[in-house]
Every structure is written in C-alpha cells, then in structure tokens.
1. Here is a check on your reading of the model: is Val144 in contact (Cβ under 8 Å) with a residue 24 or more places away in the chain, among the β-branched types (Val, Ile, Thr), surrounded by 20 or more Cβ atoms within 10 Å (Cβ to Cβ) and under 30 Å from Ser54 (Cβ atoms)?
2. Might you let me know whether region 98-107 holds any residue that is touching a Gly at 6+ places or on another chain (Cβ under 6 Å) and within 19 Å of Ala362 (Cβ to Cβ)?
3. Would you be able to say whether some residue in region 67-85 is modelled with pLDDT of 90 or more and either surrounded by fewer than 21 Cβ atoms within 10 Å (Cβ to Cβ) or not in a helix (DSSP H, G or I) (or both)?
4. Evaluate the following for Ala348: is it assigned by TED's automatic domain parsing to the domain that holds Leu385 and either modelled with pLDDT of 90 or more or over 20 Å from the mean Cα position of the chain (by Cα) (or both)?
5. With respect to Ala312, determine if the residue is in contact with a His (Cβ under 6 Å, 6 or more places away or on another chain), in the same structural domain as Gly276 (by TED's automatic domain parsing) and of a type outside the set (Phe, Trp, Tyr).
6. Residues to consider are Val164, Val63; find the one that is under 15 Å from the mean Cα position of the chain (by Cα) and assigned to a helix (DSSP H, G or I).
7. Within region 167-212, track down each residue that is outside any helix (DSSP H, G or I) and farther than 20 Å from Val47 by Cβ.
8. Got at least one residue in region 51-59 being modelled with pLDDT of 80 or more and closer than 16 Å to Ala95 by Cα?
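The values are calculated or read from the model by the stated rules, or taken from the named source; none is laboratory data. None of the values given here were measured: they were computed from a predicted structure. Neighbour counts run over all protein chains shown; Cβ positions are idealised from the backbone, glycine included.
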Amino acid sequence: MSQQHTASTPRKAKAPPPPGRNRGGLARYVVAAALARTADGGAVVAVVLLVTSSGGSGTLAGVLGACITAPHLLGPFVARSLDLAQDGRKVIAAACLLYATALTAGVLAYGHVPAVLTGLLLATAGTCGPLLTGGISSRLPAIVGPRLRTQRRAQGWDVATYGVGGTVGPSLVAALSAWVSPTAAALALAAVAATAAGGVLLLPFTAPSHGGDRTTILKPGATLALIARTGHLRRTVYLTMVVALSVAALPVTAVHMTHILGGEPATAAALTASYGLGNLTGSLAVMFLPLTGSPDRLMRRLALGVAVSLLAVAAGPTLTATIAAYALTGILNSCFFASTLAARTEYAPRGARSQVFIWVAALKITSGSAGTALAGSLTGANVRLPLLVGLVAVSAAVAVATVEARFTRADEHASWTPPALRRW
C-alpha cells in the first residue's frame, strides 16, 4: 500500500537556482564573450589583408571591410528577436554560427565570384555582429543577479572581453596572415565564432523579459523614442557617442605625433599599445574596485576625465609624457565604458533591455567610425587638432548633460530603482 502511495505521489520539481547563484556562470560568460568579440574584432583586418595581399585595390578593401562594420547599424532591428525569444541563448548562438558561415563563404568566394556577392556574404556576417557584442552583454545582468556590487564587478569583466577581442582578434589575424595566409586567418576567426556559439549555449538559462506576453516588447522605433524621452538613457547615448568619436582620433594622431616628438615611426605602435594597456588596466580596476554611485553621475565625471586626458595627450611635451597620457586615456575610457554598461543595465526597461544595449552599441560604433574619418581629415591642418576638437566636444556634452540632469533630477531620481530592489 505504501509502495502504491509512493508511486502515485508526484515528485516535486527541483527549483532552478536563483539569478546569480549558478556557479561558473560568469566564467562561462567571459569565455563565450571573449571568443565572440575576438572573431568580430579581427574580421575587418582579415578582409582588408585578404584583398590587398591578392592585388586588390585599397578602395575595394575599404568597401568590403565596411560590409562587416556598416551592418551594425541594423543591430537594433535584429535585437528585437532577442527580446522576443523564449531562450535568448539560442538566438545569439545562431547568430554566431551564421557569422562563422557567412564569413567563411565570403572569404572563400572572394576572387571567384563578383565582388558584389562577396560583399553581400560579408554584410550577412556583419548583421550578426551586434548580437556578438551588445547582444551578449544584455545577458549579463540576469546571469550575475541583482546585487549592485556584483553587477558592477561583472561589468568590469565584460569591458575586459571587449579589450581582449579588440586586441587578440587583429593580433591573431596579423600572425596567421604572416605565417600562413589572410584566408587562413579569416577561417580561424570563423572557427572562433563557431566555438563561441557552443559557449553561449552553456550559459545559464535566463527567463525571457516579456514574461510570456510578447506584446510588451517594443519595436525598434518605439525603443529609440523611449531612449530619446528618457533622460538617463538619452544622456547615456550622446555621452557614449561623443566620447567614442573623440578617442577614435588617438590611433590616427599617434602616427603623426611621432614626427613632432622626434620618435621613430615604430613609436606610433608604442602609443597605441599604451592606450590598449590602459584599457586593460581600467577594466581590471573595475573588477576589483567596482564603480559605486549613480551611473548617470559616473558617466559625466568619467567623460570629463577623458577630456582632461585628451588635453594631456595634446599638450604632452615629451614622448614619455605622451605615452603616459595615452595610457591614462585608456584607463579612463575603460572605466567610462563600464559606467555606460551600468547605465544600460539599470535604466533600460526589461522589455527593451536587449534593444537598448544594441542601440547604444550601434550608435557608438557609428560615432567611432565618424571620429576616425574626422581625425584623418583634421590632421592635415594640425596634428593636435583632432584631440582639441574631441576634448571640446566631450566637455560640451558633459556640460549639457549636467544642466539637463539638474533640471530633471527630482523626477528621474524618483523613477530610478537600484537593481537590488528590482524584481528579477
């Protein structure tokens, strides 16, 4: 009798672990994000080297390289599928696999099919790029849980994965291109992206933000309108864009500043390397000493710090001082980036979090590209002019944000709830 009773009694389902309690979730996230961003960060270099090494024109190399980067502007439209999905991991993993497949096809097809077809294949890969960057970042808050300090530390790790991707990706391409060929380098990046897909699927499952009601998910245009009318998010966008535009001048000016400072041409590499090392140092600092306070205030203060460091670069009297100023700019920019991740996490509504992340990322990439082009045109007049324009632009943006925040402080302070008090 007792056996029948036992057999007929349903077993209680094991409750899933609460957010942030899944052991190893952050470690798996860091590995998957670093792999995805390494593939995305090195693809442009691989495509450019592929074209130029085979005798193609610089114009064609630039156009095909743009096919990888320009589709990031479509990211907000792709991001809605992430907010709508029951399991966002599958959407991002599928994007990684499509990225790998399209990049492989585009690279192998180059020279055998019309350039237009190659461009379309590369553009397909580029369309997946936003999900490999901002899309993965949007998963992080639910993985690490609602504790503010834990989130801020995790955002430091996230910043580090961007640094790894931006450094390891191009370096891997350069090494494999020299040892084997640019084609082999591009195929290696495709393999890295495919590996990232497996890493994403191993991330902890997080419940969909729509809670079963997909009608609550905003469309891309409505999300952009939400950003525009929400002071916290609006300031996040324009501060991010202006800082990205300003620091994009650093690699360009590094090449020309060697003539002024009396260094060898290879000194430009030392300047850009010090900036990259500063970025890594800043992300490590945020890991061990997480940022505290309102993200809105942090963004303004750190953006102003970036402006001051740009002034230090422009005014550097010696090569050593300039290298130190480049490193300082990297540190402050890395901390600023972490503060923007905090702002996107803490101010974006759950039903549009992925879209907000990717809208900001897409606009940042666009602004950075514009900053590179602007710096290239201004250095002809004066080497330091791009830096001066950048620090004036950042200072003006901080001033506008400060005035705007003071006028809307009461309303927005009442509407902002720390993550620790939210329902996840």
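1. no
2. Looking through region 98-107, none of the residues is touching a Gly at 6+ places or on another chain (Cβ under 6 Å) and within 19 Å of Ala362 (Cβ to Cβ).
3. No: zero hits.
4. no
5. Considered against the rule, which asks whether it is in contact with a His (Cβ under 6 Å, 6 or more places away or on another chain), in the same structural domain as Gly276 (by TED's automatic domain parsing) and of a type outside the set (Phe, Trp, Tyr), Ala312 comes out as no.
6. Answer to the selection: Val164.
7. Of everything in region 167-212, those that are outside any helix (DSSP H, G or I) and farther than 20 Å from Val47 by Cβ turn out to be Leu202, Leu203, Pro204, Phe205, Thr206, Ala207, Pro208, Ser209, His210, Gly211, Gly212.
8. no
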